[in-house]
Amino acid sequence: MLEARLDTANLFKSAVDAIKDLVQDCNFDCNDSGIALQAMDNSHVALVSMMLKAEAFSPFRCDRNIALGVNLTSLTKVLRAAGRDDTLTLKAEDAPDVLNLVFEATAQDRISEYDLKLMDIDQEHLGIPDTEYAATISMPSAEFKRITTDLMAMSESVTIEATKDGVKFSSTGDIGNGSITLRQHTPVDKPNETVEIELSEPVALTFSLKYLTNFCKAQPLSNQVKLCLSAEVPLMVEYGLEGGSYLRFYLAPKIGDEE
Amino acid sequence: MARTRSKGGPASTSADKTASTTAKAASTSTYTLPAESTNPPKLFVLPKNTSSSARIITLENPRYGNPTRYLVCPETGSFYEFTKAAPPNKSTPRSWLLSSEKSEKEPALESQTIQSPDLYLATPYDPLFLLLPALFKSSSNSKSDNQQRQYLSLDDYLDLIPNTDRHFSEILTLPNSRIEKVLEARLASVCDLVEMGDDKMYRPNESKLSTIILSKASKMAENLPPSMEEKFIKKALEAPVMGVVKDQPPPPPPPPPTTSTSSPEETASPSASESQSTVTTSSGTTPSTAVTTPATEEAPEPAFAPAITASPATISLQRLRTSLNFILSSYLPPFLSKTVLSSLPSETFTELEEYLTKLSKLRTEAAASRNIDINGGKRARDEDDDERLEKKRKMEQEEKVKKANTSRGVKQLAKVNTAGMMKLSAFFKKA
């Protein structure tokens, strides 16, 4: 029996919104520590990992481990019915056929309830080790989104080059090339605009911009985004949430010369 | 060597050699290439023993009623019909090149070419056939009632023979003509005879006629040309290999559509041919004298018997019937063919008939079973197809649902060029 209540549906909506553009169907693994999700895209070059800890919910109750196989598009459709500020309650039996969603608009005393059919999904689960990254860049999520969008005009891929001085996003395409460089920047009055670079060694990697722009759909989840890079390992893009919850994306770097 | 005007007319023929006779239609110049003759010569093979008074005359064909040329030799009283031997393959151009050896008797024929490759063979012809229409015409409607026919003299009958060009009467009146005698003899063979003083009066007798026809047929059956043997005997009685039918341990040969097709000229209806069948088999019991051969002649034939059940007797019966049908359909007036067939003793061909019906039954069974096989296979295949279609439909539906449940982002990511990107499973081990 699962029962998890979120004060604002917005968090869940945004998370699902971001994931649904990467994977089609996936399992929500529920246990007493929270709701976790891990899925790869069809090409298996990107991975999304979500952890909504029990603390994010009030209340949270999960007696057993339950896997909720969900088609994310369908879930998105249902979640569209939820207002941003509605409280969202997820409920499921122990061996569920459906996921029950209840949206409550407290202001209007309006309660909507949906049952979403579940499906059996065979999914391989990858163990992601804790990695010491060569570079960890924290930056405003909106800035990252803008960079990826801007560079999409130039090329399909972006090279992220982290040095002591800053981080440089550059793209070279048919029409020319372009680059954006961010320097460390810690405004006291606007903590959301902080750009922080932790660097153990310089690193430069190339990634598919299309995937990155997709990741950026999680931007509403968090003001800050963390990019973690190391040579020859997947880039991690993390949207941190309150209470240790997170939504992380992993993307394999492009190795070898670009076309 | 006689020259024959190919174009009809009482030609000045006296063919005394089997050699070919040509007609020189146009005069030729020695020096220039002669113009093509508008009436080119034709090549005939004529019998040796005709006298110089032999003529080619035009008479009405007893079968078809159209004017047809016959070679008649008054002195021997023999009739010949012309058979045109055409080249088997019309697409290949052929022509005759003629040259003659020097002969003391006649001036050497000028060498020449004839464009038409046709060859006309004069083959002996029973003048009885010429008489038949005249004999039986009068009574064709009254059903073969011998009593109702009148006794007539030979001359009366001869008068009935169509004589539009007067060729026939001319031939009769030639000096030394034996034709009338021959005709009388032939007439007598199919007629009842009454003598009134010097006059002999004849009345056609159908049973006599059928006896004669049957004897002709059995004579012909003894020596069928190979092409006919192949087509109408072997093929007709042959049983195709029936590997398909397993539930019929002794697979009797299904005959190819023999019964009626056995000869294209066959005018006989199946029932009629059934009735003819008696003559041969039961010839011993049949009073008809003419049916000479049947059982005995059949015996030596079995070598041809197809591996299956067609007995030698059956084969020779088939031969006889083929011959009979040939004669009936090419020489007798149509109305007479039926009369002859119906006047044959009814058990003549019973054995053959039995065989054929058995075969046709088996053949239909075989065909049916083959059809079942085919249909069965087809059905099985159809079912397979159905299943496959069903599956396909399901898959398509699932795909549709899947597509409908796929977000735009996922679809767009599918187009991303991921070359050079390693799979994440290369970095992260399976948990």
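Values quoted throughout were computed directly from the atomic coordinates according to the rules given, and no laboratory measurement underlies them. Predicted, not measured: the structure shown is a model, and the values here were computed from it. No Cβ is skipped: glycine too gets one built from the backbone with ideal geometry, and neighbour counts run over all protein chains shown.
Sort A:Glu156, B:Glu230, A:Glu238 so that the residue with the fewest other Cβ atoms within 10 Å of its own Cβ comes first and the one with the most comes last.
Final ranking by Cβ density, sparse to dense: B:Glu230, A:Glu156, A:Glu238.
Can you pull the mean other chain C-beta count within 10 Å for peptide A:205-211?
On the way: counts 0, 2, 1, 6, 1, 7, 5.
Mean inter-chain Cβ contacts per residue within 10 Å come to 3.
For B:Ser153, which sequence-distant residues (separation of 5 or more, or a different chain) have an amide H within less than 5 Å of its own amide H, given hydrogens modelled in the peptide plane?
Under 5 Å from the amide H of B:Ser153 lie the amide H atoms of B:Tyr202, each far enough along the sequence or on another chain.
Let me know the number of lysine pairs in chain A closer than 17 Å at the Cα, not counting same-chain pairs under 8 apart.
Count of close lysine pairs: 21.
Can you compute 3J(HN,Hα) from phi for each residue in the range B:362-367, using the Karplus curve 6.51 cos²θ - 1.76 cosθ + 1.60 with θ = phi - 60°, rounded to whole Hz and x for Gly and Pro?
Once rounded to whole Hz, the list reads 5, 5, 4, 4, 4, 4.
Just counting partner chain Cβ atoms within 10 Å, what average do the residues of peptide A:226-236 show around their Cβ? Present the calculation step by step, with values, prior to reporting the outcome.
Details: counts 0, 0, 0, 0, 0, 0, 2, 2, 6, 0, 0.
Mean partner-chain Cβ count within 10 Å for A:226-236: 1.
So what J values fall out for the range A:201-209 if you push phi through Karplus, 6.51 cos²θ - 1.76 cosθ + 1.60 with θ = phi - 60°, rounded to Hz, Gly and Pro as x?
Result, rounded to whole Hz: 7, x, 8, 9, 9, 10, 9, 6, 5.
Amide H neighbours of A:Gln224 under 5 Å, counting only residues 5+ apart in sequence or on other chains, H built in-plane at 1.01 Å?
A:Ser141
For B:Lys231, which lysines qualify as cross-link partners when the Cα separation must be under 25 Å and same-chain residues fewer than eight apart are set aside?
Filter leaves B:Lys84, B:Lys90, B:Lys216, B:Lys219, B:Lys338, B:Lys358, B:Lys361.
Kindly provide the trypsin sites (Lys or Arg not before Pro) of the range A:52-94 that DSSP labels as loop, not H, G, I, E or B, and whose Cβ sees at most 14 other Cβ atoms within 10 Å.
Values: sites: A:Lys53, A:Arg61, A:Arg64, A:Lys77, A:Arg80, A:Arg84, A:Lys91; in loops: A:Arg64, A:Arg80, A:Arg84.
Answer by residue number: A:Arg64, A:Arg80, A:Arg84.
Rounded to the nearest 0.05, what FRET efficiency is calculated for B:Asn39 and B:Lys200 with R0 set to 56 Å and r the Cβ-Cβ distance?
On the way: r = 45 Å, r/R0 = 0.80.
Here the calculated transfer efficiency is 0.80.
Please give me the summed charge of the neighbours of A:Val98: other residues whose Cβ is under 15 Å from its Cβ, Lys and Arg +1, Asp and Glu -1. Show your work: numbers first, answer last.
On the way: positive: A:Lys77, A:Lys91, A:Lys117; negative: A:Glu3, A:Glu93, A:Asp94, A:Asp97, A:Glu113, A:Asp115, A:Asp120.
Cβ neighbours under 15 Å give a net charge of -4.
On average, how many beta carbons from a partner chain sit within 10 Å of the beta carbon of a residue in A:77-86?
On the way: counts 1, 0, 0, 0, 0, 0, 0, 0, 0, 0.
What the average comes to for A:77-86 is 0.
If you add up the charges near B:Glu81, with Lys and Arg at +1 and Asp and Glu at -1, over every other residue whose beta carbon is less than 12 angstrom from its beta carbon, what do you get?
Values: positive: B:Arg63, B:Arg69, B:Lys84; negative: B:Asp126.
Taking every other residue near B:Glu81 into account, the sum is +2.
Tell me which residues come under 5 Å, amide H to amide H, from B:Leu98 once H is placed; ignore anything under 5 positions away on its chain.
For B:Leu98, whose amide H was placed from the backbone, the distant partners under 5 Å are B:Gln112, B:Thr113, B:Ile114.
Return the FRET efficiency for the residue pair A:Asn223, B:Glu387: r is the Cβ-Cβ distance, R0 is 56 Å, and the value is rounded to the nearest 0.05.
On the way: r = 57 Å, r/R0 = 1.02.
Computed FRET efficiency for A:Asn223 and B:Glu387: 0.45.
Suppose each label sits 7 Å from its Cα in the direction of the beta carbon; what would the A:Ser200-B:Asp118 distance come out to in nanometres?
Reported label-point gap for A:Ser200 and B:Asp118 is 11.1 nm.
Could you give me the ³J(HN,Hα) list for the range A:77-92, computed from phi with Karplus coefficients 6.51, -1.76, 1.60 and θ = phi - 60°, whole Hz, x at Gly and Pro?
For the range A:77-92, the Karplus curve yields 4, 5, 5, 4, 6, 8, x, 4, 9, 4, 7, 10, 10, 9, 9, 7 Hz.
Could you sort A:122-128, B:152-158 so that the peptide with the highest average Cβ count within 10 Å comes first and the rest follow in order? Walk me through the numbers before you get to the answer.
Working: A:122-128: 13.4, B:152-158: 16.7.
Going from most to least packed, we get B:152-158, A:122-128.
Need one number: nm distance between label points at A:Asn31 and B:Lys137, each 7 Å from Cα along Cα→Cβ, rounded to one decimal.
Using points 7 Å along Cα→Cβ, the separation is 11.7 nm.
Pick from A:Met50, A:Met40, A:Met119 the residue whose mean-square fluctuation is largest in a GNM of chain A, springs joining Cα atoms under 10 Å.
Evaluated over chain A, the most mobile residue of the options is A:Met119.
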